[in-house]
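In what follows, a structure is listed as structure tokens, so that the remarks can point back to it.
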Amino acid sequence: MTEEIFDVVDANDEVIEQLPRSQVHARGLLHRAVSIFVFNSKGELLLQLRTPTRDEYPNCYTSSASGHLSAGEDYDDAAPRELAEELGISSPLTRLARFPGGPETANEFTVLYETVTDEPLTFDPEEIAAGEFLPLSEIGDRLAAHPEKFTPPFRTLFRWYIENRRTA
């Protein structure tokens, strides 16, 4: 399989070059990602447990679906692609916020989306070890007790979501 090529961006999220994924991650360069919070009709958020083979944050909980933008790809095109690839669904997405790249987002400029669906999910076994819908309050409790079990980007996005969108 050919290695993914990412757009490397500057502090203003402007593309400055394109490099393979491994180089971008190894050098800690700024790049782009999307993250999607998938809720069910009960208001529970789907948490994804990353597989042990992931190159970053293996065996950690993270957003329902997330991923990098391919070189030349737009955030709004990447989000539904990631939703389909990781969860096997298509659902209308609402764009919530854009976060700057930095240590708290794994050097990724990230756009957060949300959707509500009760469609059956099909987890990508190469990326997702398990997934479960949980109330926001329970996720908050787990995150407070064991923050190391969650990816830094998820911690940042979840905190923003609780402060700006919903109450736990």
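Backbone geometry of region 52-65 corresponds, through the Karplus equation with coefficients 6.51, -1.76 and 1.60 at θ = phi - 60°, to 3J(HN,Hα) couplings of x, 8, 5, 6, 10, 6, x, 6, 10, 7, 8, 4, 3, 8 Hz, x marking Gly and Pro. With θ taken as phi - 60° and the Karplus curve 6.51 cos²θ - 1.76 cosθ + 1.60 applied, the whole-hertz 3J(HN,Hα) list for region 33-41 is 8, 10, 9, 10, 9, 9, 9, 8, 5 Hz, x standing for glycine and proline. 3J(HN,Hα) along region 125-131: x, 7, 10, 10, 7, 6, x Hz, from the Karplus curve 6.51 cos²θ - 1.76 cosθ + 1.60 with θ = phi - 60°, whole Hz, x for Gly and Pro. Region 1-26 and region 54-117 have Cα centres spaced 16 Å apart. Taking amide H atoms as placed 1.01 Å from N in the peptide plane, the amide H of N107 lies under 5 Å from those of G102, each 5 or more residues away in sequence or on another chain.
Computed over the chain with a Gaussian network model linking Cα atoms closer than 10 Å, the most mobile of R27, R54, R98 is R27. Less than 5 angstrom separates the built amide H of T51 from those of N59, I128, A129, all sequence-distant by 5 or more or on a different chain.
Entry note, the chain: the mean residue ellipticity at 222 nm calculated from DSSP H runs of n ≥ 4, each adding -39500 (n - 2.57), is -7500 deg cm²/dmol after division by the residues and rounding to the nearest 500.
Since every read-out is calculated from the coordinates, none of them should be taken as a lab result. Quick caveat: nothing in here was measured; it's all calculated off a predicted structure.
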